[in-house]
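This report refers to the structure that appears directly beneath it.
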Amino acid sequence: MPQEKTDIVDLRKIAPSAAQKQEPAPGSLSWETEEFAYHPKDLQWLLVGGILALGIFASLFILKNMFGAATILLFMFIMYLYATKKPDMLSVVVDGRGIAVNNKRISYSDVSSFWVLYETPVKDLIIIQKAKFTPKTIIPLGQVNPVELRALLLANAIIEKEEEETLTDILARRFGF
């Protein structure tokens with residue numbers, strides 16, 4: 001049986017047209033930013049939160065729900081610590097090898113998708129990792145240009161997938177956390 005001749009085209013020898021050429025992506029971006037947006041809590045904020053929590057605690061105590069009352073006390077303590085915590089500074093580097101936050105690297109092979117959330121006042125990079133049970137990583141962008149960051153991540157073949165802010169994030173920002 002005669003063998004059919006197949007033409008093989010070496011694409012490396014074909015010069016791309018000017019329309020097909022893409023601008024080279026920048027090599028890396030780095031910036032420093034606060035871990036989260038800090039909102040100082042005034043005395044009124046702390047008093048309102050304390051009165052609400054003490055009211056719930058008293059109700060549970062009167063109803064002899066000691067487990068619930070103890071849980072509310074613990075919750076009050078954790079909320080106070082979280083409300084008064086000052087943000088740490090983060091050093092972020094995005095380059096050809098991955099994304100590093102304070103020298104802890106997330107390689108691109110571990111990233112499922114990303115989204116640059118840029119809705120005033122929020123300017124964050126959201127990273128979804130491939131590992132199961134890993135929450136999404138949210139990195140504040142600080143003063144970095146979101147368009148340059150997006151181009152760099154797309155140049156490294158990371159999938160862009162739209163992510164929305166969670167209800168928890170919206171409520172936390174609304175209540176000053």
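The values are calculated or read from the model by the stated rules, or taken from the named source; none is laboratory data. Since the model is a prediction, treat every value here as computed from it, not as a measurement. Note that we place each Cβ from the backbone using ideal geometry, even for glycine, and neighbour counts take in every protein chain shown. Calculation scope for accessible area: heavy atoms of the full protein, side chains included, ligands and nucleic acids excluded. Shrake-Rupley method; radii C 1.70, N 1.55, O 1.52, S 1.80 Å.
Using the structure shown, decide if A58 is open to solvent by less than 60 Å² (accessible area, probe 1.4 Å) and at pLDDT 90 or above. Give the derivation first.
On the way: open to solvent by less than 60 Å² (accessible area, probe 1.4 Å): yes; at pLDDT 90 or above: yes.
So A58 passes the test.
Kindly indicate the residue of region 139-149 that is touching a residue at least 40 places away in the same chain (Cβ under 8 Å) and outside any loop (DSSP other than H, G, I, E, B) and also surrounded by the fewest Cβ atoms within 10 Å (Cβ to Cβ) among those meeting that condition.
It comes out as E148.
Filtering region 80-90 down to residues that are surrounded by 14 or more Cβ atoms within 10 Å (Cβ to Cβ) and modelled with pLDDT of 85 or more, which residue is nearest to the chain's Cα centre (by Cα)?
Keep residues of region 80-90 that are surrounded by 14 or more Cβ atoms within 10 Å (Cβ to Cβ), which gives 80, 83, 90.
Among the residues that remain, those that are also modelled with pLDDT of 85 or more are: 80, 90.
Numbers: Y80: 24, L90: 13 Å.
So the residue we want is L90.
Could you list, ordered by first residue, the pairs with Cβ atoms under 7 Å in which the first is in region 33-54 and touching a residue at least 24 places away in the same chain (Cβ under 8 Å) and open to solvent by 50 Å² or more (accessible area, probe 1.4 Å) and the second is part of a loop (DSSP other than H, G, I, E, B) and small (G, A, S), at least 6 apart or interchain?
Every condition considered, the pairs that remain are H39/G176; W45/G176.
One line per residue, one yes/no per condition, for (1) without any contact (Cβ under 8 Å) to a residue 40 or more places away in the chain; (2) over 22 Å from E34 (Cβ atoms); (3) out of contact with any Phe, Trp or Tyr (no Cβ under 9 Å at 6 or more places or on another chain):
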{"position": "Y108", "(1), (2), (3)": "no, yes, yes"}
{"position": "W115", "(1), (2), (3)": "no, no, yes"}
{"position": "Q129", "(1), (2), (3)": "yes, yes, yes"}
{"position": "T134", "(1), (2), (3)": "yes, yes, yes"}
{"position": "T137", "(1), (2), (3)": "yes, no, yes"}
{"position": "I158", "(1), (2), (3)": "no, yes, no"}
{"position": "E162", "(1), (2), (3)": "no, yes, no"}
{"position": "I170", "(1), (2), (3)": "yes, no, yes"}
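Report the residue count in region 94-108 for those that are open to solvent by 50 Å² or more (accessible area, probe 1.4 Å), part of a strand (DSSP E or B) and either over 25 Å from I158 (Cβ atoms) or of a type outside the set (K, R) (or both).
Of the residues in that region, 0 qualify.
When region 61-79 is examined, which residues are found to be farther than 30 Å from N102 by Cα, aromatic (F, W, Y) and exposed (fewer than 13 other Cβ atoms within 10 Å of the Cβ)?
So in region 61-79, the residues farther than 30 Å from N102 by Cα come out as 61-74, 76.
Now drop any that are not aromatic (F, W, Y), which leaves 61, 67.
Selection gives F67 alone.
Which residues, counting only those in region 150-177, are more than 14 Å from the chain's Cα centre (by Cα), open to solvent by less than 40 Å² (accessible area, probe 1.4 Å) and over 18 Å from R105 (Cα atoms)?
Residues satisfying the conditions are A172, G176.
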